[in-house]
Structures are given as C-alpha cells and as structure tokens.
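The structure appears right after this line, and notes come after that.
The values are calculated or read from the model by the stated rules, or taken from the named source; none is laboratory data. Computed from a predicted structure; not experimentally measured. Don't worry about glycine lacking a Cβ; one is built from the backbone with ideal geometry, like all the others, and counts go over all protein chains shown. Just so you know, the surface numbers come from the protein's heavy atoms only, side chains and all, with ligands and any DNA or RNA stripped out. Shrake-Rupley method; radii C 1.70, N 1.55, O 1.52, S 1.80 Å.
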Amino acid sequence: MTSSFRHITVLLDEAVEALAVRADGCYMDGTFGRGGHSRLILERLGPDGRLLGFDKDPLAIATGNALAAEDGRFVVVQRSFADLGEEAAARGLVGKVDGLLLDLGVSSPQLDDAERGFSFLNDGPLDMRMNPDAGISAAQFLASASADEIARVFKEYGEERFAKRMARAVVERRELKPFERTADLAQVLTDANPAWEKGKNPATRAFQGLRIHVNNELGDLERGLDAALETLAVGGRLVVISFHSLEDRIVKQFMKRQAKGEADNLPRDLPIIPKAFEPRLKLLGKPIYAGEAELKANPRSRSAVMRVAEKLR
C-alpha cells in the first residue's frame with residue numbers, strides 16, 4: 001500500500017536541529033507521516049542510535065515499514081502518539097528517550113487524496129479518519145449526533161461562530177438524505193453560513209471541527225504530552241509543531257505549566273520547595289515559524305508554530 005501524493009515536511013531542518021540529535025541517542029517521531037523528519041534524524045544518528053516512529057494512518061505505516069526494512073535503526077508502529085507511554089514501557093524506554101517530535105494535524109497526502117474525505121476542495125467519501133479501520137467516520141457521526149452535539153463540535157473544535165445555524169442545516173438535510181460525500185456536506189455548510197470570510201471557504205471551520213472530533217486530536221495531544229514528559233530522559237528535548245490555535249494553546253499551556261512547576265500551590269513562607277513541586281521543563285527560545293523561502297515553497301506552512309522544551313527532572 002503506497003501513496004502517490006507528495007508531502008512537503010514543514011520546519012524540517014528547524015525541528016531536527018531543535019532535537020539536538022546525538023549519534024548514539026534514542027528518539028521518537030510521534031507523527032511519522034511520510035518520514036521527512038525521521039529520515040533527517042536517521043542521517044544524524046550513528047550506528048548505535050535508535051528511532052521509533054508512530055502513526056495511525058496505514059499509508060504512513062506502509063512508508064515506515066519500507067524505511068525500517070532499509071534501516072535497522074528504525075522501527076514504526078501503527079499507534080497514536082497518545083499511546084507512546086505504553087509503547088515506551090513495553091520497550092523499556094521510559095525515562096530514556098533523548099528527543100521526541102510531534103508534528104500535529106493532517107498531512108498533505110491526507111488532504112490531497114479525495115478518497116480520505118478530509119477536504120471540501122475535492123469530492124470524496126465523507127470519512128476523515130486518520131486510521132480508516134478504527135472509530136466512526138464523519139458520515140456516521142453526522143448521521144446520528146444531535147444538532148446540539150454537532151454545533152458543539154463546529155464551535156469548540158472549528159471555532160465556527162455560526163455553529164448552531166450550520167448544525168441545524170445539517171440535521172434538516174439529513175432527514176431527506178444522509179451525508180455520504182464531502183462536496184455535498186460542504187455545499188450545505190456553505191449555504192448555511194451567512195457571513196463568508198474573505199479568502200476562506202465557508203465550510204473550512206466546520207470541516208476542521210469534524211476532523212478534530214473524529215480523530216480525537218486534542219484529547220490525543222493532551223495524553224501524548226503527558227506521556228512524552230515521562231518518556232523523555234533528563235536533558236531530553238520535546239519539539240512540537242502545531243497548525244492551529246487550539247493545538248498550540250494546549251502545547252503552550254502544557255509547557256508553561258511544567259516550566260513553572262507547582263510552587264504556587266505551596267505556602268509562601270516555605271523555606272525549601274519539595275523536589276516534586278519544582279519545574280520539570282525548561283522552555284528553549286521563542287516560538288519558531290516558517291521562513292520566507294519555506295512559505296513560498298509550501299503555503300501550508302504559514303500556520304505552523306514550533307515550540308521546544310527540555311526536560312529538567
């Protein structure tokens with residue numbers, strides 16, 4: 001199983017530089033995709049280095065298995081990065097990983113392949129699952145969810161201000177005919193949106209909300225960040241690339257919270273702060289964005305923001 005759709009890795013050099021790869025180190029790529037970051041990490045590893053990749057998408061796993069067959073230092077598993085703690089425990093890697101990368105969101109091949117159902121630009125089956133063999137599809141969700149639940153998904157995950165109006169339109173139309181195709185849903189959402197944003201398809205935010213809900217992206221991110229902190233070795237790097245404000249807010253708040261520690265919860269006159277309340281992460285530099293050259297070569301990089309932290313304890 002392969003894919004002919006091209007993927008341009010965002011912030012490729014910047015992310016791998018931020019990992020500070022050691023030749024004999026152990027690393028995790030929590031979002032293998034088509035392997036852009038993983039291949040560059042492998043270039044910097046020596047014969048004793050190791051890299052473990054994760055992905056839910058079967059096409060990504062097929063690419064990963066091909067890479068693993070070529071390079072014995074690499075292994076890929078078909079799991080969400082939310083499960084990286086369990087995988088690390090099974091492999092004896094808890095507290096031993098020198099760097100962990102998360103490149104969040106949907107990949108270019110997933111967006112460009114109409115059969116995956118992620119995009120309103122190309123008509124295809126209304127699926128949206130990163131792993132088509134697990135969970136319920138977007139079509140199944142829309143067929144059974146209440147108007148209130150659909151509106152919540154559009155508003156909370158898509159930040160769509162006309163969520164209720166658009167959800168009502170979906171429920172009214174599904175009584176006549178169930179939604180099965182992306183173009184059909186996009187048209188109903190477009191017709192129900194009373195105020196189109198310049199340069200943005202009226203269905204954009206609702207589609208984002210559906211995708212995030214179907215794949216539990218924000219829940220996976222929260223679990224993955226917690227697991228990453230336990231999996232990293234002291235001095236290990238956590239590098240996260242986000243593509244929309246909801247993701248970045250979770251990453252930013254997590255890193256700030258772990259960099260601040262829990263001292264605020266202690267009495268002010270306590271002479272010594274217990275080690276359990278000390279910071280666990282150190283923030284490294286400011287957020288990093290794509291440069292002009294990358295923006296010209298890959299417009300999808302315009303929304304990317306990368307944050308980096310180092311484990312202290």
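Here are a few things to note about the model shown:
- Evaluating Glu149 against the criteria (1) in contact with a Lys or Arg (Cβ under 9 Å, 6 or more places away or on another chain); (2) closer than 28 Å to Pro178 by Cα leaves one unmet condition, (1).
- Members of the range 276-313 that are without any contact (Cβ under 8 Å) to a residue 40 or more places away in the chain, assigned to a helix (DSSP H, G or I) and among the aliphatic types (A, V, I, L, M): Ala276, Ala293, Leu295
Residues are listed down the side, and each one gets a yes or a no for (1) of a type in the set (A, V, I, L, M, F, W, C); (2) in contact (Cβ under 8 Å) with a residue 60 or more places away in the chain; (3) surrounded by fewer than 21 Cβ atoms within 10 Å (Cβ to Cβ):
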{"site": "Val94", "(1), (2), (3)": "yes, yes, yes"}
{"site": "Leu102", "(1), (2), (3)": "yes, yes, no"}
{"site": "Asp123", "(1), (2), (3)": "no, yes, yes"}
{"site": "Ile150", "(1), (2), (3)": "yes, no, no"}
{"site": "Phe179", "(1), (2), (3)": "yes, no, yes"}
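- Looking only at the range 211-259, and only at residues there that are part of a helix (DSSP H, G or I) and among the hydroxyl-bearing types (Ser, Thr, Tyr), the one that is most open to solvent (accessible area, probe 1.4 Å): Ser245
- Verdict on Ala18 being in contact (Cβ under 8 Å) with a residue 24 or more places away in the chain and either surrounded by fewer than 17 Cβ atoms within 10 Å (Cβ to Cβ) or not assigned by the TED database to the domain that holds Leu283 (or both): no
- The range 264-295 - residue that is more than 31 Å from the chain's Cα centre (by Cα) and surrounded by 10 or more Cβ atoms within 10 Å (Cβ to Cβ) and, of those, modelled with the lowest pLDDT: Leu266
- When each of Asp98, Asp148, Asp103 is tested for being more than 29 Å from Leu229 (Cα to Cα) and of a type outside the set (S, T, N, Q), the lone residue that passes is Asp148.
- Within the range 63-73, not a single residue is among the hydrophobic types (A, V, I, L, M, F, W, C), touching an Asp or Glu at 6+ places or on another chain (Cβ under 9 Å) and surrounded by 19 or more Cβ atoms within 10 Å (Cβ to Cβ).
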